[in-house]
Each structure stands twice: as structure tokens, then as C-alpha cells.
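In what follows, a structure is listed as C-alpha cells, so that the remarks can point back to it.
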Amino acid sequence: MSPGETVGILVDTSSAEDREPEVNCTAAVVSTASSAEDISLVPQVSFEPALDSPGINRESQPLLGGLDVSYNQFPDDPGFSELVWQAEVAIDNGIFPERISQGSSGSYFVKNPQGKIIGVFKPKDEEPYGRLNPKWTKWMHKLCCPCCFGRSCLIPNQGYLSEAAAYLVDAKLNLQIVPKTRVVKLVSETFHYPRIDRQKARMKRAIMEQFPNVGLRFNRIGLPPKVGSFQLFVEGYQDADYWLRRFEVEPLPSRMSQKFQLQFERLVVLDYIIRNTDRGNDNWLIKYDPPVIVTATSNGTIQNETAPDTVDWNVVQLPEIKIAAIDNGLAFPYKHPDSWRAYPYHWAWLPQAKVPFSRETRELILPLLGDMNFVQDLCDDLHILFKHDKGFDKSLFERQMSVMRGQILNLTQALKDGKSPVQLVQMPAVVVEKSQGQQPSRFFSFTQRFQDKSPIFSWC
Ligand SMILES: Nc1ncnc2c1ncn2[C@@H]1O[C@H](COP(=O)(O)OP(=O)(O)O)[C@@H](O)[C@H]1O
Ligand SMILES: [Mg+2]
């Protein structure tokens, strides 16, 4: 094809969402969806590969066309901006995010240009009930029987916000257990895209290469970026399950056990405030570096031995134990589950949950949560975060905050009364509603309401 030649290609710049056929439940779903996959909107034309992009994958290039380049900039956090930039550079160079195989939805390990994993990205549209979740059964469940599947107490498809909001709560309370998580936009050919998006991207790229003047009029070349949560990857951690089993047979030295208890209490505080409905022992991580004695041998090498509990701690490399609370996407419900047994906090069965909250935790949390202004600030910050979602609904958000205030009320009381985490989760669920009055924002009145009778078990 020579540059002067005209081609009969009708370029459609509308989004894929606009074009996707309406689908109904039942067998029609499958046939309609698969026929959408089969529709060929582009003529079968083969193009020469780009000459000017060795090693650079154009299809995945983030935001050509100069749109939205500020989205992944965090002026308050240059370190995080730099990290996301690293991820973008890696993607440009063909080092793509890799789907996490054990994950229940579309979650990806994101790498830097050296191929090292630096983050976990969860796109909104690949969430368990997202439009493009690769696991079709979940999608079918939602479509065919929404009342029986999923968590009806949660706003669907806002898991990425819940992830970022959990970090926000963590940071406000200085818990330091949630790896930094913020909302970003990324694009990668390894993400799940409908075929139509891929075809459009290929076509635009081809036009751009053959007819740069026409191509310049496109808003974007390449696949559409996905919005999602980006969480820092923490190294040296294992699923909590792994260590909890080990601790059963090899109990922690007593100092470590106390340290672990304090970390554990922070996890309880976080989960209770955000009313996490998905805290299994596979959704938090533990890093444990057992104490080792560092001794120089006669030939000059360093030998590490695991230190017994009785050893003088000054002569050993300090042991460390840390918890990371990951996978916080199913939290911030807008109503309480009918029974806490429906979505229990699995940590409630651990021996650590029977121990009353420590003085350290009380001193960290009570001055903050006991202050109404602090709680209002927290709600305001969450509002700023949540309102960015296209489906944001103010009244549902207020209900989410009413549940959270109720949780905070119970937690504060439990801490004052010297209760244990087990006793905390047995307290009756309460919501604290903000009045609808016309008062200036800092002077709301609140109404406390207890959850109605709890059935033994319900979906939500
Ligand atoms: N921030 C992180 N740092 C290190 N490993 C992580 C992190 N987030 C997730 N992982 C690993 O990836 C696995 C799946 O992540 P998870 O957030 O639980 O995804 P899903 O929502 O798909 O269940 C986890 O079990 C853990 O091993
Ligand atoms: Mg998980």
C-alpha cells in the first residue's frame, strides 16, 4: 500500500462499551457474547511491523495522544509516582504484568524494567463481578441470580476503591499493615480485553503508521487503559496460613509472640473498622525472620544458627515479625451482613483473638477514634476517594459511612472496656446515621441504631 492510496476503512472511535450487545440471562448470553467475539470489524489486511520501535510494544503503549498523562501522578508522593512510572516503562518494553494464578479474579503482578515484581494491580473491570472477569461462572451467577451470589451488602464492582480505602484507613490510624495502595490506570496486552478492543487498537496503530496525519486525530492509540488498585508488593512474606501452622508446632519465642500479638491487634482494628467480609487466612501475610546467632568461624565465614529462646538478644541478629493485610477489596459494606457468621473474620478463631486488647493498641487507637473530628475527617477523605468512581452514589456512600461509624463506636467501647477481639466481634452490629438536617457540616447529629434480629445464617 503506497502513502497516496485511499483505503475504505471506516474508523469507529466510540468505546467498546458502546458497542457491546445487550445480553440477557440464559443460553442467549453465551451465543450473543461469542458472536460479538466473532464479528470482524476490520478488513483482513496485513501490515508491516513498525520499523521504529524495536523492543517496544506499541499496542501496550500507555497513553499515546497525550491524554490523561497526569492520572498516575501523585504530587504528595513522588516515590509512588516513580514506581508506577517504572511499571509503565516496563510495559512499554514488553515486560508485562502477569496474572496471579491463585487469585479469584483478574489480579496481576506488575514488574519494573528489570523484571522484578513491584506491585499488584487489580483492574476494576476484572473484579469478581466486573464486566471482564476472566472467570465466567461468576459473571453468569451475577446475571442470572444476583440475589443468591456475591455479597449483596457490598456495592458491586468497587473493589479497587475498597483496596485503596483500606490503605487510607491504615495510614490515618498509623497501623502500618496495609501495603501502600492507590488508584492508577495501566494498560497491558496481558490484561483481559474484549476482542473488539484489540481489533480497534490494531487498526488504529496500522492507520497511524500508514497515514500519520489521520492517525494524529485519534484520542488514543493502543488498548484502553484500565483503572484499578495498585498495591506495593511486599517481599519475604508468606500467606498467614503457612506461618500459623508452623507456630502451632514451633511456638514463637515469647518476645516475638508479644510483637505478633500487637501486629495481630492492628489487623483486627483494620478489619473491624472497614467491616472486611473476606478476611480468610489466605488474605493476610506474615513475614517472620527467626532470630539467628551470627558467629564468625575460624576460616572467617559467617555462620547463622537459629537462636533458642533463652539466648541473650544482644548477640543475635534481631528477629522481626510483621503482618501485611492484603486483598481488602470486599470491605466497606453499605449494610451489615445479617450475621457476622455469614462473612466471619477468620482470625476470630485464632488463640490471639482471645487475649484482651493491649495497652499499646488502646493508646494508639483511642485518642484518634474517640475524637469526632478525626472520624469526620476520615469520612471526608473516603468521600474524596470514592466519588471518583463512575457509579458513585452519595446515599449509598452515606450508608457505608453509617456502618463504619457503628463499627468505630463498638471498637472504641471494646477498647475502653478491655475486651478481646472475640468479644468485639460478638457485639451487636450498630449503624450510626448522620442526620439529614441543614446544619453546617461539622455539626451533624447522629442516630445510633442496632441491627435487627440476626438470623443464624444468611448470604448477607
Ligand atoms: N501486596 C502484596 N505483596 C506480596 N504478595 C501479594 C500482595 N498482594 C497479593 N499477593 C500475593 O498474591 C496472592 C493473590 O492476591 P490477592 O490480593 O489475595 O488476590 P485475589 O483478590 O485474586 O484473591 C496472595 O495470596 C499473595 O500471595
Ligand atoms: Mg485473595
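Among the residues of the range 241-251, are any at negative phi, touching a residue at least 12 places away in the same chain (Cβ under 8 Å) and among the hydroxyl-bearing types (Ser, Thr, Tyr)? For the range 241-251, residues at negative phi, touching a residue at least 12 places away in the same chain (Cβ under 8 Å) and among the hydroxyl-bearing types (Ser, Thr, Tyr): present. When 242, 334 are checked against the criterion of being at pLDDT 90 or above, of a type in the set (Phe, Trp, Tyr) and away from ligand 1 (no atom under 16 Å from the Cβ), a single residue qualifies: 334. Considering (1) within 30 Å of residue 370 (Cβ to Cβ); (2) within 16 Å of ligand 1 (Cβ to nearest atom); (3) in contact with a Leu (Cβ under 9 Å, 6 or more places away or on another chain); (4) not acidic (Asp, Glu), the lone condition that residue 173 does not fulfil carries the number (2).
A single member of 424, 409, 396, 378 is assigned to a helix (DSSP H, G or I) and surrounded by fewer than 16 Cβ atoms within 10 Å (Cβ to Cβ), and it is 396. Reported count of residues in the range 270-282, each being surrounded by fewer than 24 Cβ atoms within 10 Å (Cβ to Cβ) and not in a loop (DSSP other than H, G, I, E, B), is 1. Residues in the range 113-127 that are more than 15 Å from ligand 2 (Cβ to nearest atom), touching a Leu at 6+ places or on another chain (Cβ under 9 Å) and not hydrophobic (A, V, I, L, M, F, W, C): 119, 123, 124, 125.
Can you tell me which residues in the range 319-335 are within 13 Å of ligand 2 (Cβ to nearest atom) and in a loop (DSSP other than H, G, I, E, B)?
Here is the first cut: in the range 319-335, the residues within 13 Å of ligand 2 (Cβ to nearest atom) are 324-331.
Scanning the range 319-335 gives 326, 327, 328, 329, 330, 331.
One line per residue, one yes/no per condition, for (1) acidic (Asp, Glu); (2) at pLDDT 95 or above; (3) within 30 Å of residue 367 (Cβ to Cβ); (4) not assigned by TED's automatic domain parsing to the domain that holds residue 325:
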site: 77; (1), (2), (3), (4): yes, yes, yes, yes
site: 83; (1), (2), (3), (4): no, yes, no, yes
site: 102; (1), (2), (3), (4): no, no, no, yes
site: 128; (1), (2), (3), (4): no, no, no, yes
site: 167; (1), (2), (3), (4): no, yes, yes, yes
site: 170; (1), (2), (3), (4): yes, yes, yes, yes
site: 176; (1), (2), (3), (4): no, yes, yes, yes
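Residues of the range 241-280 that are touching a Leu at 6+ places or on another chain (Cβ under 6 Å) and within 14 Å of ligand 2 (Cβ to nearest atom): 277, 278.
The values are calculated or read from the model by the stated rules, or taken from the named source; none is laboratory data. Everything quoted here is computed from the prediction, not taken from an experiment. Glycine gets a Cβ as well: all are built from the backbone with ideal geometry, and neighbour counts include every protein chain shown.
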